[in-house]
Every structure is written in C-alpha cells, then in structure tokens.
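The values are calculated or read from the model by the stated rules, or taken from the named source; none is laboratory data. Note that the structure is predicted; figures quoted are calculated from it, not measured. All Cβ positions, even for glycine, are placed from backbone atoms using ideal geometry, and neighbour counts span all protein chains on display.
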Amino acid sequence: WQERLGPGSVILRRYAAASDTALLAAIEDAVATAPFRHMQTPGGFTMSAAMSNCGDYGWTADTDGYRYSATDPLNDRAWPAMPETLSELASRAAAAAGFAAFQPDVCLINRYEPGARMSLHQDRDEADLTQPIVSVSLGLPMTFLFGGLRRKERPARIELQHGDVVVWGGEDRLRYHGVAPLKDGEHPLLGRYRINLTLRRAH
Ligand code: MD3
Ligand code: FE
C-alpha cells in the first residue's frame, strides 16, 4: 500500500479512495464559485488541463508569468475556502510519509480529459521549498512522469489510479515531473475525466 518513489517521496496507494465522494462534492462546491478554466502559459500556449483552486491562495498562469494570488483573476473575488476534508487528508498523508504538521494553504485542482497532458516542469513558486506537496488522483488512470533535478534526465513512468495519494518533499521536491497524455476511458465516478488535487503551502 505504501511505496517509496525516492528519498522524499512516497505513494500511498488508494489512500483517498474511501473519501472519493466527499472529495468530489468539495470540488464541485469550489468550481461552482471558481470555474475550471484553461490558463495561458507565459510563452503563449494554452494549458490542456483545465484548472481551478481553493484555499487562501490560488496558483495562476498568464502571459505575465506564474504566481499565487489571493483572488481569482476571473472575478477578483477570494478563492473558495479549502474544505477541511481536503486539508485534513493532506496533513494525514504528509504525516504518514514523514512530514509532520503540513498545513496546506492552497489546493490546485487540475482536470484532464483524454489527450490532455502536462509537460515536464518543476514546482518552485512556493515560498518554502522544505514544505512537501501532496497530490491526490481521482478518475481515469494516468501515467506520471518523474524526472530528475535536471530537465534532460529521462523520467520514470509511474501509473497512478483513482484514490492514489503521493507525497513529494525533501530531496525530491525540485524534481522535474509531468503527466503523459491521458488515455481515453470511462470511470464509474468521473466519466471521461481525471482530476488531480495538488495541495501545497504557498506562503
Ligand atoms: C513531483 N500536477 O500542478 S501532481 C502541477 O497530475 C502538477 O496534475 C500534476 O505537476 C498532475 O504542478 C502532478 C504531482 C506532483 C506535484 C508536485 C511535484 C509531483 C511532484 C513536485 C516535485 C516532484
Ligand atoms: Fe507540478
């Protein structure tokens, strides 16, 4: 049930499966206020995953760059609050992986449809890179690309399924990573989607 991926990263297989309907209800609640949207990269590309956020901050991308903001640029209102089901799950998962007292202040919600992907990148927009990141996969299975500390290193391919939780921290925090194009399929709860929750401490 628990697999070590690297010195600072652990997969907790199916860890969130029992909370899936509560998590989906929390996501639907959030995106009723802050709808899914396709953000632009600073390089002018449209991201294929649709995104939204909940928490004290939200991660955003536009032609000016990547940043965390306290308000949703679509409506200049605060992001929806992070439901306790989410922050509690993330803290528990982080503790199980050896990171005590993790308190996320942002949850990025990524929605993939068949063909959507995320190219190799590092997560480095957070103030304190000693804080881990917790990710929760829901819906269609996907292939996660787990690279090295330099972009040119060939990434390992890791299958993640509905309910799998991964905690990334320590020496692995700045590893390049991405998502292979989503294969088509039908999930009993999510239909033709995969949703990834990425819980972080931005500030
Ligand atoms: C490994 N999202 O939003 S989450 C992202 O599945 C992002 O939507 C992917 O990468 C997704 O930035 C992957 C898993 C993840 C998140 C952060 C990491 C893996 C990581 C940081 C370091 C190493
Ligand atoms: Fe990332």
query: For the stretch 24-65, how many residues meet the condition of being acidic (Asp, Glu) and either at pLDDT below 95 or in a loop (DSSP other than H, G, I, E, B) (or both)?
result: 2
statement: Those residues of the stretch 169-193 which are over 13 Å from residue 121 (Cβ atoms) and under 13 Å from the mean Cα position of the chain (by Cα) amount to none
- prompt: Out of all the residues in the stretch 83-99, which are of a type outside the set (Ser, Thr, Tyr) and either surrounded by fewer than 21 Cβ atoms within 10 Å (Cβ to Cβ) or at positive phi (or both)?
  reply: 83, 84, 88, 92, 95, 96, 98
field: Residue list for the stretch 109-144, filter: within 23 Å of residue 32 (Cα to Cα), of a type outside the set (S, T, N, Q) and under 12 Å from the mean Cα position of the chain (by Cα)
entry: 109, 111, 112, 136, 138
message: Filter the stretch 42-64 down to the residues that are over 17 Å from residue 111 (Cα atoms), surrounded by fewer than 19 Cβ atoms within 10 Å (Cβ to Cβ) and touching an Asp or Glu at 6+ places or on another chain (Cβ under 9 Å) and list them by number.
response: 42, 56
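Which ranges mark the strands (runs of 3 or more DSSP E) fully within the stretch 95-187 that have 2 or more residues being in contact (Cβ under 8 Å) with a residue 60 or more places away in the chain and within 13 Å of ligand 2 (Cβ to nearest atom)?
Values: elements: 106-112, 118-121, 133-139, 142-146, 156-160, 165-168, 177-179.
Here the list reads 106-112, 133-139, 165-168, 177-179.
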field: Tally of residues being within 16 Å of ligand 2 (Cβ to nearest atom), touching a residue at least 24 places away in the same chain (Cβ under 8 Å) and farther than 18 Å from residue 144 by Cα across the stretch 1-43
entry: 1
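Can you confirm whether residue 73 is surrounded by fewer than 19 Cβ atoms within 10 Å (Cβ to Cβ) and touching an Asp or Glu at 6+ places or on another chain (Cβ under 8 Å)?
yes
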- request: Please find, within the stretch 109-142, the residue that is nearest to residue 200 (Cα to Cα) out of those that are surrounded by 16 or more Cβ atoms within 10 Å (Cβ to Cβ) and among the β-branched types (Val, Ile, Thr).
  value: 133
query: Are any residues in the stretch 188-198 more than 11 Å from ligand 2 (Cβ to nearest atom) and not in a loop (DSSP other than H, G, I, E, B), and if so, which ones?
result: 191, 194, 195, 197
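Being within 11 Å of ligand 1 (Cβ to nearest atom) and touching a strand residue (DSSP E or B) at 6+ places or on another chain (Cβ under 7 Å) narrows it down to one of 174, 140, 160, 149, so name that one.
On the way: 174 fails: touching a strand residue (DSSP E or B) at 6+ places or on another chain (Cβ under 7 Å); 140 fails: within 11 Å of ligand 1 (Cβ to nearest atom); 149 fails: touching a strand residue (DSSP E or B) at 6+ places or on another chain (Cβ under 7 Å).
Exactly one residue qualifies, and that residue is 160.
For residues that are more than 9 Å from ligand 1 (Cβ to nearest atom) and not polar (S, T, N, Q), tally how many sit in the stretch 126-135.
Within the stretch 126-135, residues that are more than 9 Å from ligand 1 (Cβ to nearest atom) and not polar (S, T, N, Q) number 4.
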